[in-house]
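Engineer: What follows is a single structure, and I will ask about it in a moment.
Values quoted throughout were computed directly from the atomic coordinates according to the rules given, and no laboratory measurement underlies them. Note that this is a predicted model, so its numbers are computed, not measured. Backbone-built Cβ (ideal geometry, glycine too); neighbour counts: all protein chains shown.
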Amino acid sequence: MASLWSYLKRGREPSQKFDTVGGATSYAYELTKRYPNFSLTRRGADTGTLRVDLSWRMRTDMGGSSHRKLNAWRHPLQLFKPAEIQGHTQGLANVDFDLGCLYELKDGTKGVVQPLGGLTGEFGEPPYIKLSGDDRFGTASGEQMYINLDNKEEIKRLLIFVYIYDGVAAFSRANVVVTLITSDGKHVEIGLTDPPDQAHSCAVVLIEHDEKGHLVARRQVKYTYGFQSEIDHLFGWGMSWARGRKAGRT
């Protein structure tokens with residue numbers, strides 16, 4: 001069973017295996033600490049295009065998400081009050097959350113797809129990942145990444161991450177969500193929960209083959225106070241890093 005907090009937050013009966021939201025025609029899975037894995041293969045979702053969406057909402061309750069959860073136990077109706085606004089808030093207009101992906105292919109090729117440095121990837125050829133969009137204000141269009149799972153046998157592992165390119169370290173002042181959308185319409189949501197103050201990056205979800213050869217998405221939500229090089233070190237990618245800038249920025 002999911003927690004009472006998840007039930008109140010989502011307003012739907014939880015699944016026995018996943019926290020879920022949606023009806024018969026719209027069904028989303030929420031990866032949590034208790035249920036961190038989603039088998040793309042077993043769910044028949046390991047072919048075609050896997051879309052990765054990044055969206056966020058800056059919070060106006062600067063007391064913190066844990067404070068809001070605690071109050072929810074005492075005053076459940078507060079959950080239905082508008083505690084968030086879309087986009088940016090005063091003093092946070094320059095926050096720039098970005099979506100990226102570290103990749104390792106079966107032939108040993110390693111690299112990164114990200115807005116920084118204009119490394120937007122390729123869909124029809126290695127690394128079979130294409131980044132589209134660079135949204136600075138968390139609007140509905142957000143940022144999207146497309147992964148070509150028709151070439152999944154050439155992929156060893158992928159690590160989806162989010163980092164703050166510019167502005168203050170604001171993970172603790174925003175509700176950030178990464179959503180995997182499979183070719184058959186399944187939505188797998190990973191919320192970037194319990195962020196520490198001053199974190200600049202978060203490793204969100206690792207996609208890799210398990211011991212049976214199934215392609216599995218595994219929730220990580222591990223924060224670092226640095227940037228891509230620290231995520232690399234945390235997961236043993238073994239790449240060399242240098243400072244860079246986004247295309248068109250000075």
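Engineer: Quick one: net charge of Leu158's neighbours, Cβ under 9 Å, K/R +1, D/E -1?
Structural biologist: Result for the neighbourhood of Leu158: 0.
Engineer: Modelled label-to-label distance, Ser39 and Asp194, 7 Å Cα→beta-carbon offset: nm?
Structural biologist: Placing both labels 7 Å beyond Cα along the Cβ direction yields 2.7 nm.
Engineer: Tell me the label-point distance for the pair Arg51, Ser240, using the 7 Å Cα-to-Cβ offset, in nm and rounded to one decimal.
Structural biologist: About 3.9 nm separates the two model spin labels.
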